[in-house]
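Data first, discussion second: the structure below is written as structure tokens.
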Amino acid sequence: MATVIYEQRESDVPTARTDDGNLWLNLTDLAAATGWELKPEGVCRGELCVPIPPDDSASFVRDDAVNLSRFAKHLGQPVIHDAGHDVWVFGEAARPDTSPMLTAPDFTLPDLDGREHTLSDYRGRKVFLATWASW
Amino acid sequence: MVITVAMDTAGADAARPWIEAAKPAHPSLIDQCHTVATLYNMVNVPSAVWIDEEGRIVRPTEPAGTSEAWRIMDRTSFTMPPETLSAIGARRRAYTTAIHDWVANGNSSVHALAPADVARRAPGVSAEEALAYANFRMAVYLHCHGETAAAAPYFAEAKRLRPESWNFRRQAWSLEDPMKAGGQEFWAAVDELGDDRYYPEIEMAGLPDDPPPAKQ
């Protein structure tokens, strides 16, 4: 069974298919594991739609499944597959100097009691975000 | 408000003694996968980002009021002479004063940067750097599932792609042996820095100078 780590999400996907170094997900699994959905205008998440290159569409979509590896590379995301454990990591995409990060990327993390906190829940207040480690 | 994030792949139990001793009133979060470091392109601790009420970054990732002076620490007793402690304290106080200035004056504070300055100080992430984080993420997943040997090559690749990441190096060392992240390997790597900095310089008005200490 494939484990898919897509940005901050981690999912086990029993129905995933691997073919020639590519990971194919059906549309239900795709939405659950990544938030992306196949629509007539392309592959969409929220208001963002990424058109599928028409001259290469068969390498992206086939038989109601999406080639997540191909799509991730199209978005500039790093893709790593550990074949021994069938784990796929789709990392945060590279970002050119010309598109600076001006808005704080959101995240959700637990505290010691397991209670989850989401950065954007604190909008309306200034946030001093600081990291540390026990090591 | 303050939000602290512990970069600890060993999980809540690794961070717990410090958090319980500090009894913070602010959210004190545990980040096993170093998600915040990945999102904000951080390579060391402590790193900080200032975020305004609208969710805009007004100071991108920078060391949180650090000093280089600790590098002269006695490596067996972990003690430092009073003048070193005083230099570290002066930097920390100046940085804290700047935070208070921002809290009081908002984006008119001299320390809150305009978008063009934020952009200049926070360059993009190259394909190689993004790949380093992905390798680290794979290593963390495998490690957390008991696959220590399988994780090792991914930790190694992350460190190779991003040699400036002390987060990668020290986290990987600490998973091999909790004492290793501050042990001989660590000090040897610090010595290799020579006249180079351990933390990048913080560009902030009012911070005392902080040259790397002369070689011991």
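None of the figures in this text is laboratory data; all of them are computed from the coordinates on show. The structure displayed is predicted, hence computed values, not measured ones. Ideal geometry is used to build each Cβ from the backbone, glycine not excepted, and the neighbour counts take in all protein chains shown.
Which count do you get for residues in the range B:1-55 that are at the interface with chain A (Cβ under 7 Å from one of its Cβ atoms), touching a Leu at 6+ places or on another chain (Cβ under 8 Å) and touching a residue at least 60 places away in the same chain (Cβ under 8 Å)?
1
Considering only the range B:70-86, I want to know if a residue exists there that is among the small types (Gly, Ala, Ser) and buried (at least 18 other Cβ atoms within 10 Å of the Cβ).
no
Go through the residues of the range A:41-49 one by one and say whether even a single one is in contact (Cβ under 8 Å) with a residue 24 or more places away in the chain and assigned to a helix (DSSP H, G or I).
No, that holds for no residue.
What are the residues in the range A:95-135 that are hydroxyl-bearing (Ser, Thr, Tyr), in contact with a strand residue (DSSP E or B) (Cβ under 8 Å, 6 or more places away or on another chain) and more than 7 Å from chain B (Cβ to nearest Cβ), if any?
Within the range A:95-135, A:Thr108, A:Thr118 qualify.
Across the range A:80-94, which residue is farthest from the other protein chains (Cβ to nearest Cβ) among those that are in a loop (DSSP other than H, G, I, E, B) and touching a residue at least 60 places away in the same chain (Cβ under 8 Å)?
By that ranking, first place goes to A:Asp86.
With (1) within 12 Å of another protein chain (Cβ to nearest Cβ); (2) within 21 Å of the chain's Cα centre (by Cα) as the list, and B:Ile72 as the residue in question, which single condition is left unmet?
For B:Ile72, the exception is condition (1).
So is A:Asp29 in a helix (DSSP H, G or I), over 18 Å from A:Gln8 (Cα atoms) and of a type in the set (Asp, Glu) or not? Please lay out each step first, then the result.
Working: in a helix (DSSP H, G or I): yes; over 18 Å from A:Gln8 (Cα atoms): no; of a type in the set (Asp, Glu): yes.
Answer is no for this residue.
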